[in-house]
Amino acid sequence: MSGTAEVHLHDPQTLYRHWENSQWSPFEIDLSIDVEQWTEIQDGALISFVLGSLMVAEERITTKFSGLVGADGSEEEVTFLATQQVDEARHMQFYARYQDEVVAEPGLIAAHVERARAQISPAFSTIFDEQLVAAHERLVASPADIAAKVAFVTIYHLILESTLGLTTFEFSTRFMEREGIMPGFVAGYSKIHQDEHRHIGYGVWFLRQAVAEAPGLGDVMRDTLRELLPAVAGSLTPPAGADTSTLGASAEELRAFALDGLTRRLSIIGVPIETL
């Protein structure tokens, strides 16, 4: 594409129709090979880091989303957002099932999340436990506040799902497929990845519409991004002791991939990264 004028985004009604045609069950993914392989790979710091981060992240984004469903929006928008709430619960169920059947003894989701928290970094906690939670609370308190909605969607859809989520998927599944490990996890994560493309599509559509109608909302996005980007960079740094050479990419390459995707989406929205 030569410019944003050629961009055609799906509106919420179209995204809803796509959701209807994209159903899957987290309990139908075959994990038998993963169970056999786990004893050989469970000591890998990198894999533990990825699994732990995803378990904690999915719990946060599942339980801190309902405020957006309840915020002011058209019937079509609210209907699509209700499907995203279902998607997030489905994703959390897959990660919890993986913990139950592959990683640890069966337990409540809260127990898996608590154990996984040992793997996350302070930067990760800043984004998911502080910034996301605070933005959700503001939206719940003021569902008609368009600035609160823009800030929340910027954090949730533009940072968590696209910048962090797509980067994690790209490099972790590339590594697992190259090594021939965890095919069940890759299969389930790929289904989740397909869902998240729909979610990101909504986020870009909404932010572009909001900024076009009220240009001052671009400053809300800019302020939100400026505050978050240092923690985003920290979250994309593998843990100490992890053999990043096996990943096939350095921390700098992860960040470059993430920044490229963010730059393209900001251009489509109408808030170029150069203006941050």
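Within the stretch 165-193, can you find the residues that are within 30 Å of Gly218 (Cβ to Cβ) and surrounded by fewer than 20 Cβ atoms within 10 Å (Cβ to Cβ)?
Leu166, Phe169, Glu170, His193
In the stretch 242-256, what count of residues is obtained for those that are in a helix (DSSP H, G or I) and either hydroxyl-bearing (Ser, Thr, Tyr) or at pLDDT 95 or above (or both)? Explain how you work it out, then say what you get.
Residues of the stretch 242-256 in a helix (DSSP H, G or I): 244-247, 251-256.
Remaining after also requiring either hydroxyl-bearing (Ser, Thr, Tyr) or at pLDDT 95 or above (or both): 244-246.
Total meeting the criteria: 3.
How many residues does the stretch 180-216 contain that are free of Cβ contacts under 8 Å to residues at least 40 places away in the same chain and within 16 Å of Leu266 (Cβ to Cβ)?
Qualifying residue count for the region: 2.
Could you list, in sequence order, all residues of the stretch 91-101 that are within 11 Å of Ile61 (Cβ to Cβ) and either touching a residue at least 60 places away in the same chain (Cβ under 8 Å) or surrounded by fewer than 16 Cβ atoms within 10 Å (Cβ to Cβ) (or both)?
Selection gives His91 alone.
For Pro239, only one of the following conditions fails: (1) more than 22 Å from Glu130 (Cα to Cα); (2) at pLDDT below 95. What is its number?
(1)
Run down Thr163, Thr83 and say which single residue is touching a residue at least 60 places away in the same chain (Cβ under 8 Å), in contact with a Phe, Trp or Tyr (Cβ under 9 Å, 6 or more places away or on another chain), of a type in the set (S, T, N, Q) and under 25 Å from Arg198 (Cβ atoms).
Details: Thr163 fails: in contact with a Phe, Trp or Tyr (Cβ under 9 Å, 6 or more places away or on another chain).
None of the other options fit; the residue is Thr83.
List pairs: first residue in the stretch 144-157 and more than 13 Å from Asp219 (Cα to Cα), second residue among the charged types (D, E, K, R) and part of a helix (DSSP H, G or I) anywhere in the structure, Cβ distance under 9 angstrom, at least six positions apart or on different chains.
Asp145/Arg138; Phe152/Arg138
Among the candidates Phe206, Phe171, Phe175, single out the residue that is under 27 Å from Ser74 (Cβ atoms) and out of contact with any Cys (no Cβ under 7 Å at 6 or more places or on another chain).
Phe206
Let me confirm something: among Glu88, Glu58, Glu77, which residue is surrounded by 16 or more Cβ atoms within 10 Å (Cβ to Cβ), under 22 Å from Val150 (Cα atoms) and in contact (Cβ under 8 Å) with a residue 60 or more places away in the chain?
Residue meeting the stated conditions: Glu77.
Go through the stretch 185-238 residue by residue and tally those that are within 15 Å of Val153 (Cβ to Cβ) and in contact with an Asp or Glu (Cβ under 6 Å, 6 or more places away or on another chain).
Result for the stretch 185-238: 3.
Go through the residues of the stretch 201-220 one by one and say whether even a single one is of a type in the set (D, E, K, R) and crowded, with 18+ Cβ neighbours inside 10 Å.
The initial filter retains those residues of the stretch 201-220 that are of a type in the set (D, E, K, R), namely 208, 213, 219.
The next check asks that each one be crowded, with 18+ Cβ neighbours inside 10 Å; those that pass are 208.
Yes: one or more hits.
For the stretch 3-53, which positions are of a type in the set (Phe, Trp, Tyr) and modelled with pLDDT of 95 or more?
If the condition is that a residue be of a type in the set (Phe, Trp, Tyr) and modelled with pLDDT of 95 or more, then Tyr16, Trp19, Trp24, Phe27 are the ones that fit.
The values are calculated or read from the model by the stated rules, or taken from the named source; none is laboratory data. Values in this document were obtained by computation on a predicted structure and should not be read as measured data. Note that we place each Cβ from the backbone using ideal geometry, even for glycine, and neighbour counts take in every protein chain shown.
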